[in-house]
1. Report whether or not residue B:128 is modelled with pLDDT of 90 or more, farther than 14 Å from residue B:26 by Cα and surrounded by 15 or more Cβ atoms within 10 Å (Cβ to Cβ).
2. For residue A:127, state whether it is out of contact with any helix residue (DSSP H, G or I) (no Cβ under 9 Å at 6 or more places or on another chain), closer than 21 Å to residue A:15 by Cα and more than 12 Å from chain B (Cβ to nearest Cβ).
3. Using beta carbons and a limit of 6 Å, which pairs, at least six apart or on different chains, have the first residue in the stretch A:57-80 and of a type in the set (S, T, N, Q) and the second one open to solvent by less than 10 Å² (accessible area, probe 1.4 Å)?
4. Between a first residue in the stretch B:47-61 that is in the same structural domain as residue B:95 (by TED's automatic domain parsing) and hydrophobic (A, V, I, L, M, F, W, C) and a second residue that is surrounded by fewer than 13 Cβ atoms within 10 Å (Cβ to Cβ) and not in a loop (DSSP other than H, G, I, E, B), which pairs have beta carbons less than 6 Å apart while being 6 or more apart in sequence or on different chains?
5. Can you name the residue in the stretch B:207-232 that is of a type outside the set (S, T, N, Q) and at the interface with chain A (Cβ under 10 Å from one of its Cβ atoms) and, of all such residues, is most open to solvent (accessible area, probe 1.4 Å)?
6. Any residue that is surrounded by 13 or more Cβ atoms within 10 Å (Cβ to Cβ), in the same structural domain as residue B:249 (by TED's automatic domain parsing), assigned to a strand (DSSP E or B) and among the charged types (D, E, K, R) - is there at least one of those in the stretch B:196-206?
7. Residue by residue through the stretch B:159-188, note down the ones that are within 14 Å of chain A (Cβ to nearest Cβ) and among the β-branched types (Val, Ile, Thr).
8. Here's a check for you: in the stretch A:13-32, which residue that is open to solvent by 40 Å² or more (accessible area, probe 1.4 Å) and part of a helix (DSSP H, G or I) is modelled with the lowest pLDDT?
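The values are calculated or read from the model by the stated rules, or taken from the named source; none is laboratory data. This structure is a prediction, so every number in the text was calculated from the model and none was measured. Note that we place each Cβ from the backbone using ideal geometry, even for glycine, and neighbour counts take in every protein chain shown. Accessible surface is based on the protein model in full, side chains and every heavy atom, while ligands, DNA and RNA are left aside. Shrake-Rupley method; radii C 1.70, N 1.55, O 1.52, S 1.80 Å.
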Amino acid sequence: MENEVRIAINSDQDIVIARQQGRTLASKLGFNGSDLTVIATAISEVARNIVEFAGKGELALTPIQQSHKQGLMVVAHDDGPGIPNIQLALQDGFSTTASLGLGLPGSRRLMDEFTIVSAVGKGTTVTMRKWVRG
Amino acid sequence: MPSKEKGGMDHITSTGASPDSTAALLRELVAHLRQNRTQLREEWARRITEAQLLVAMTKEEIFAEATSVYDNYVEVLETGSVEALQAYARNLSERIIPRGVETHEVLGIVLLLRDVLARSLFKKYQADFALLNRVLDAYEPAANRIANTVGVSFVQERERTIRQQQEAIRELSTPVLQVRERLLILPIIGVIDSQRARQLTEQLLRGIRTNRAKVVVMDITGVPSVDSTVANHLVLTVAAARLLGATVIMTGVSAEIAQTLVTIGVDLGKMNTVGDLQGGIEEAERLLGYKVISTEGGAAAQVTTQA
């Protein structure tokens, strides 16, 4: 079993590192080419949200297993300003900046499971899972 | 209270050294290190070679640098100011980093010097353990500070070098090339982050201006992943190019990236995309009214006749 990987997210460079590490770990877990891109992209989106809105935070990549399924869990955590309205944040095209507003809803579509917990003034935790397709 | 070891008692009662006595001890220390400069310096250089540190440097170089570090070291002990040492350490790092000297070697030599000097102090004060303790009380914090200064300076210099190289790679990695009159290609290789995306846009717009380009083929075959932010950057770059009167044809979107972008919901409908770079250039030539025909004397024709 591969080990958990933790990456401090403070800058654009860290997003790149997170994406690369995610891709490497996912590849070891047996994900195929297009899923690797999917995972790397979802990691990129949540890591970028950390840099953009919280300034700093942490990303944890953990191999997971359920009966015979192998998978990868991505947890992005920050102690940033939090999201006042999660429903709104998960809507396509909603953005408080000049971005496309697709980061969170896009990641949700890319991954198999997606949960987000956020409290204003306390921070945000996004947990995503993807299973290797058997 | 009378005591047989009057001196010893004195020393013990004054551990927790007053600033004055620390200064006096440091002065004594400095005098000792100056007096034994030649021998200690040689001893240090010998230990460096023995430990196989600074293998990239010659013996003479090691001795020369050892001398400078030694003198700077003594100066820090004397003045309490690390500024000169810091400047020297930075300068030294600048010279030795390109030669492949590693962080562990730099830390290694500083710790060796610390050890060499400490041993010489043990020897000098071996008869008086209490005094030795006080000398070490004065010496240790200064020595730690020196080790820190040299180590940190080296690492900072290394980081600066890495940053510089990163910038250089960035510069190199986004060439805007003219293929024909009014036709540019922009091959993008590697990861696009916000900074690079900005730079890319700038370079492209400048290229369009100077070459009076009408069509640009932007090839992203070498881009491993595109997320919504990068896609947004690309869309904005295309829009800016259009304002300058140039059409952008995007090529090299891999199947994985296409799928991912569609899933995220990025709308590249407004982008002019063609499968691969060759197709993109052909399309661009068509837009510009070029017609490429192969001649009989061409390389391809020769190959067929030979076969």
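1. Against the criterion (modelled with pLDDT of 90 or more, farther than 14 Å from residue B:26 by Cα and surrounded by 15 or more Cβ atoms within 10 Å (Cβ to Cβ)), residue B:128 qualifies.
2. So residue A:127 passes the test.
3. Hits for this filter: zero, empty list.
4. Sorted first by the residue in the stretch B:47-61, then by its partner, the pairs are B:56/B:99.
5. Applying the filter and picking the extreme gives B:224.
6. Looking for residues that are surrounded by 13 or more Cβ atoms within 10 Å (Cβ to Cβ), in the same structural domain as residue B:249 (by TED's automatic domain parsing), assigned to a strand (DSSP E or B) and among the charged types (D, E, K, R), one finds none in the stretch B:196-206, hence no.
7. B:162, B:169
8. Of everything passing the filter in the stretch A:13-32, A:13 is modelled with the lowest pLDDT.
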